[in-house]
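The values are calculated or read from the model by the stated rules, or taken from the named source; none is laboratory data. Fair warning: this is a prediction, and the values are worked out from it, not measured in the lab. Here the Cβ is made from the backbone with ideal geometry for all residues, glycine too, and neighbour counts use every protein chain on show.
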Amino acid sequence: MSEFAGPTGPIRDVAPGMTVIDADGETVGAVDDVRLADAGATTGAGQSADQPGGPVAWIAEALTTDTDLSQQAQERLTRLGYVRVDASGLFSGHRYVEPDQIAMVTGEEVRLSVAADQLIR
């Protein structure tokens, strides 16, 4: 069994306020929140629903504020980590970017490898 090594890939360089651009070159919105993976999570609340406070509780709280997310989506995002985007225009509301959907981070932009309509909302 291997230990979880922490965040890898471009998600580690994402910060609130950055502009998110999809694979089609369209602006999706701005980064509202970034949460890193909880590889041991078995529920949307993280590794243990009994743990008050701490990073796992913050993730669960951040996800449950968007009640439209299914339990399955919440659990997936908690395990994988995510970037929450405050979307603008036609795609208003929150969108969630999974770490493997980030192609690169340059300057103040997060470039995605997928179109905006493929993001969890």
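What residue, among those in segment 85-111 that are over 14 Å from the mean Cα position of the chain (by Cα) and assigned to a loop (DSSP other than H, G, I, E, B), is modelled with the highest pLDDT?
108
Residues 13, 32, 66: which one is under 15 Å from residue 86 (Cα atoms), at pLDDT 85 or above and charged (D, E, K, R)? Give the derivation first.
On the way: 13 fails: under 15 Å from residue 86 (Cα atoms); 66 fails: at pLDDT 85 or above.
Only one candidate qualifies: 32.
Within segment 8-38, how many residues are assigned to a strand (DSSP E or B) and either among the small types (Gly, Ala, Ser) or out of contact with any His (no Cβ under 8 Å at 6 or more places or on another chain) (or both)?
The total comes to 11.
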